[in-house]
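Report on one structure; see the data block that follows.
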Amino acid sequence: MPQPDPSIFPLSAILNASFPFLLGRNIAPFLSGGLALADGRIAGKDFTPPIPGTARLDATGCVVLPGFIDLHIHGSAGHDTMDATPQSLSAISAFLARHGVTAFTPTTMTAPHPPTLAAVQNVAAAMAHPLPGAAILGVHLEGPYISPHFPGAQAKADIRPPNLAEFAELVAAGPVKLITLAPEQPGADALIDAALDAGVRVLIGHSAATYEQTIAGFEAGVSQATHTFNAMTGLHHRQPGVVGAVLTDDLVYAQLIADTIHVHPAAMAVLARCKGPDRLLLITDAIRATGMPAGEYELGGQPVFVREGQCRLADGTLAGSILTMESALQHFLATTAWPLERAWPVTSRTPAAALGIGNEYGSLAPGYRADLVVLDGALEVVATIVGGRLVYLRGGEEGRLGQ
Ligand SMILES: [Zn+2]
């Protein structure tokens, strides 16, 4: 592990910022003022003399939101979850903090069992030590129990039927929190049961399910859709498919890659109208090319070509993204024309709820984790705070810090 950045230090308060729903109650769309932090938690609105050894961040002209939570991210900054090395997760953590992400679930790709197991074990090991930026919430297994008809950029040769013994070994090896699968595959019901018993949330994705099979999946316990619209049966008026089921179910959460490349802006708007801010969550699906120059990279064992902001396999199939969360939020606002006071939960409160940690993450109410992102008027990241510690401050903003 690299040494922690000496610039990482505790904050006791955020001053002069705008906040949505200060203290977690819908008193007004946005309020201005301060927020006190103590012991890694949000302490409330009232703060008294500075705590020795801590700093205050003057956020004049900025908006403070709960830190972004990305539930679907393979990699960035040249690194990938499947590298299964401590250095990779550390580099991804640091990169994400520069983009406002305070917590994430490293996401695997469809692969043979041994490398997937190694990736899970590596995440477990990384969670035992402090990371330089965004914290890890657990593993998201994307595959391997998906549909060969909708592989997307997943390696088709490694797609296989649900395997309870294999899954049990993965769950025993580390904190698996999410699994994306195709519920129409033979044996998926038993795997969904095993996942729910182990406290793992089940997502439908890379799926050829019909509308009826999808509804049956929801009834079996599937609670979220992976990158909605991408790699699943679409909405036809006589065959509404996975998309039709996701759009019309009021409880299921829907992930969206809001880069306007994976999903047309009009389809993004349809999803937003159907799901609302409490069921729609933005993800990046970012790969190791994120934050790197254009060129050739690797994803799930296959070459990926990054050009003009798009990641594609040799045959043209979209292969993850180079999206960052603040860009996703900017695209989402531009597409939906929702004001920030309506949209903000899609990057924090809703993913926290979808993961079952909404009592601790995704709110500015007292007692919640002090995971915060400070954004300027263009919604670019000025500062990121994880557990009350400043892990990123944009260059030139040092004057905001004081006692
Ligand atoms: Zn995918």
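Values for this structure:
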{"read-out": "Spin-label pair residue 317/residue 330, simplified geometry with 7 Å Cα→Cβ offset, distance in nm", "value": "3.1"}
{"read-out": "Simple Cβ-charge dipole of the stretch 68-355, Lys/Arg +1 and Asp/Glu -1, about Cα centre, in debye nearest 20", "value": "520"}
{"read-out": "Among beta bridges that DSSP assigns inside the stretch 68-355, antiparallel share in %, nearest 5", "value": "30"}
{"read-out": "Cα pair distances in the chain, grouped into 20 Å bins until the bin that holds the longest one, percent each", "value": "29, 58, 12, 0"}
{"read-out": "P(r) histogram, all alpha-carbon pairs of the stretch 60-150 included - 5 Å bins from 0, percent", "value": "3, 15, 25, 23, 15, 9, 6, 3, 1, 1, 0"}
{"read-out": "Euclidean distance between Cα centres, the stretch 113-151 to the stretch 222-273, Å", "value": "24"}
{"read-out": "Tail beyond 25 Å, pair distance distribution of the stretch 268-403 (Cα, percent)", "value": "41"}
{"read-out": "Residue 286 long-range amide H proximity, modeled H, under 5 Å", "value": "74, 75, 321"}
{"read-out": "Folded to 0 to 90 degrees: helix 113-126 orientation relative to the chain principal axis, Cα", "value": "10"}
{"read-out": "Pairwise centroid distance, computed over Cα atoms, of the stretch 282-301 with the stretch 368-403, Å", "value": "25"}
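Coordinate-derived values only; no laboratory data. Keep in mind the model is a prediction, meaning the values are calculated, not measured. Reconstructed Cβ throughout: ideal geometry from the backbone, glycine too, with neighbour counts over all protein chains shown.
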